[in-house]
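Report on one structure; see the data block that follows.
The values are calculated or read from the model by the stated rules, or taken from the named source; none is laboratory data. Keep in mind that this is a model prediction, so the values were computed, not measured. Positions of Cβ are backbone-derived with ideal geometry, glycine not excepted, and every protein chain shown enters the neighbour counts. Remember, those area values only see protein heavy atoms, side chains included, never the ligands or the DNA or RNA. Shrake-Rupley method; radii C 1.70, N 1.55, O 1.52, S 1.80 Å.
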Amino acid sequence: THYSVAGAVIHYLIRVEPYTSYHIQLQGTGKFDHSDRLFYSICDTWKSASGHNQRCMMSDVKELIPEFFYLPDFLVNKNYLDLGHLQTGEQVIITFFCF
């Protein structure tokens, strides 16, 4: 694992420019990362970072960023980005109950 504050910020803010472009540039492929590794669920992100997800086992070291407390726009895909589908077939979205 690695600890990267900039990487965590880009991870969470992928739906907001300029972080969308930063994310694509960081990947080096000209595309978004695999859908299952994108930020798609506050609940699943909490489980992963807190060790409640058996697959991750405390390897996720992301922290909350200040935007969680004042910028709800980062939870909405206002630019209609094609973030793909999870392996379960679900589309990558943040649900409205997050607000």
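Number of residues in the stretch 62-97 that are modelled with pLDDT under 75 and either aliphatic (A, V, I, L, M) or not in a strand (DSSP E or B) (or both) equals 6. For beta carbons closer than 8 Å, sequence separation of 6+ or different chains, a first residue in the stretch 12-31 that is closer than 17 Å to GLY84 by Cβ and a second that is among the basic types (Lys, Arg) and open to solvent by 70 Å² or more (accessible area, probe 1.4 Å), the qualifying pairs are ARG15/LYS78; ILE24/LYS31. Counting only helices (runs of 4 or more DSSP H) wholly contained in the stretch 5-56, the ones carrying 2 or more residues that are open to solvent by 70 Å² or more (accessible area, probe 1.4 Å) and at pLDDT 90 or above occupy 19-27.
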